1. Only one of these is exposed (fewer than 14 other Cβ atoms within 10 Å of the Cβ) and either more than 21 Å from the chain's Cα centre (by Cα) or within 24 Å of Ile234 (Cα to Cα) (or both): His58, His70. Name it.
2. Within region 323-333, count every residue that is surrounded by 24 or more Cβ atoms within 10 Å (Cβ to Cβ) and not β-branched (Val, Ile, Thr).
3. Could you list, in sequence order, the residues of region 290-307 that are surrounded by fewer than 23 Cβ atoms within 10 Å (Cβ to Cβ), part of a loop (DSSP other than H, G, I, E, B) and touching a residue at least 12 places away in the same chain (Cβ under 8 Å)?
4. Can you confirm whether region 196-219 contains a residue that is at pLDDT 95 or above, of a type in the set (Lys, Arg) and either touching a strand residue (DSSP E or B) at 6+ places or on another chain (Cβ under 9 Å) or surrounded by fewer than 20 Cβ atoms within 10 Å (Cβ to Cβ) (or both)?
5. Let me confirm something: among Val26, Val86, which residue is surrounded by 22 or more Cβ atoms within 10 Å (Cβ to Cβ), over 22 Å from Gly261 (Cα atoms), at pLDDT 95 or above and of a type in the set (Val, Ile, Thr)?
6. Within region 89-112, track down each residue that is closer than 21 Å to Ser160 by Cα, crowded, with 24+ Cβ neighbours inside 10 Å and of a type in the set (Gly, Ala, Ser).
7. Exactly one condition in (1) out of contact with any Leu (no Cβ under 9 Å at 6 or more places or on another chain); (2) hydrophobic (A, V, I, L, M, F, W, C); (3) over 27 Å from Tyr280 (Cβ atoms) is not met by Ile194; state its number.
8. If I go through region 152-178 residue by residue, how many of them are of a type outside the set (Lys, Arg) and under 20 Å from the mean Cα position of the chain (by Cα)?
Amino acid sequence: MSHILPYLHPVRVATMLDALKCRILVIDGAMGTMVQSYKLEEADYRGERFARGFDSQHEPARDVITQPGHDLKGNNDLLTLTRPDVIGAIHTAYLDAGADFIETNTFNSTSISQADYHLEHLVYELNREGARLARTCCDAAAATTPDKPRFVIGVLGPTSRTASISPDVNDPGFRNTNFDELRIAYREATAGLIDGGADTIMVETIFDTLNAKAALFAVEEVFEERGGRLPVMISGTITDRSGRTLSGQTAEAFYASVGHGQPLSVGLNCALGAKELRQYVDVLSQVADCYVSAHPNAGLPNAFGEYDETPEDMAALIGEFARSGLVNLVGGCCGTTPAHIHALAEAVAGVAPRVLPKALGIAA
């Protein structure tokens, strides 16, 4: 089985594991919030490559891209290719704020999600260049702080479809995707992330565990093909105060469903703020025999869909997570900024990381 494969980047992985044993590591914050602050327009998303309405480097896409009504604005992943200066600046801002891990700008870089823009042909490139850009930023930051290495998380997002739930309330048996379609999409994305230099692969913002299982299966298939692996991180989403994922699982059930993948970490992100997420992180910390992560939103959205929780308020909540021994990695999701990450980094500095149950002699 692929879990016995050697690591593709053994030195970097060893450095990461050593750091995790010593301190709580910090993941970066939201990408979308930061992109919005640049007030980009359609021309920014198109850049020179798509300025004439088609992909000038991929002629077969000409007829598709020129169909009316297919603007590219909002496809933040595309900015890796058309405005790498913006994405690189965001990565660097989080690194300067104290982040140990930078997530690639690939949340929607699967053929399923890129189909909304008729850019499925870019998936491998988006993932490869997303990882390459993050790698460059991390290496530059690490060069100035040799005692603080930085790592790239290759992000696999959930896609906009769910394999477990019908999108049509009048047809409960209908599905708009399936395991194999998801598996194929995730294989392509994973290959790009590896080739771009990612240190880990994170399956994140999981609202449907069947989607995640397809992603994890695809990741392992790619590892087998490459003859080596990367550490895998998994982060689910408790969608509301019911304490369940969208597909109906509690935190315990979620971990039971994905723990077979022997992940480096399991955690929760998105949907809830730190205050609301705490009890579910606590549950994971009790049942997980791997590291535990938490990167919540900056509170719950207000009536305008914005996030009001200040860096100081969020840091106080996450600091309590740390002092209670619940976490090994912390960061931010929707609404968070470099200011939030800086406050989080300060809040957990010097606090001992959660001790793995195996290290305590607790049966997994």
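The values are calculated or read from the model by the stated rules, or taken from the named source; none is laboratory data. For clarity, every value in this text was computed on a predicted model and none was experimentally measured. Here Cβ is always computed from backbone atoms with ideal geometry, including for glycine, and neighbour counts include all displayed protein chains.
1. Going through His58, His70 in turn, just one is exposed (fewer than 14 other Cβ atoms within 10 Å of the Cβ) and either more than 21 Å from the chain's Cα centre (by Cα) or within 24 Å of Ile234 (Cα to Cα) (or both): His70.
2. Count: 5.
3. Residues satisfying the conditions are Gly299, Leu300, Glu306.
4. No.
5. Val26
6. Ser109
7. (1)
8. Total meeting the criteria: 11.
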